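Just below is one structure, and these are the notes that go with it.
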Amino acid sequence: MAKSNKPIIWFPFAAGGTVIAFFIPVIVLLTFLAALGYVPTGLSYDSMRAFAGSGLGKLLIFGVIALSLWSSAHRLRCTCYDFGLRADKLVANVLYLAAGAGSIATAVFLLRI
């Protein structure tokens, strides 16, 4: 029986889909409230900066962004295939490299905080 690399791709896709389903609507709502001028006390700049500067905060922020990137890359790969773009290896390499580059950029940015 041949070994498959699919679990390596499917794990971040599934985890990212879960993260997107739970966290992104909340992030959008909080951003909308902030745009309207209502910022809850716990979400002030100082408290968010302190959260992003802590180890747990960096890990959570990285998880949300990186898993969202991997899930979106895989979803876009499937969409490209469904629309008739049959160069699957090229599309997969470009999208997964972009997700990897975005994940690395996120890590570098978070380590600078």
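Values quoted throughout were computed directly from the atomic coordinates according to the rules given, and no laboratory measurement underlies them. Quantities reported herein were computed from a predicted structural model and do not represent experimental measurements.
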Are there DSSP H segments in the chain that both extend 15 Å or more along their axis (alpha-carbon positions) and score a mean Kyte-Doolittle hydropathy of at least 0.5? List them, or say none.
6-35, 55-82, 88-111
Quick one: check the C-alpha center-to-center distance for the range 56-113 versus the range 3-22, whole angstrom.
11
For percent of Cα pairs over 18 Å apart, the listed values are [x] 55; [y] 61; [z] 69; which was obtained by calculation from the structure presented?
[y]
Which length gain, in nm to one decimal place, applies between THR18 and LEU43 when the Cα-Cα distance is subtracted from 0.36 nm times their residue separation?
6.7 nm
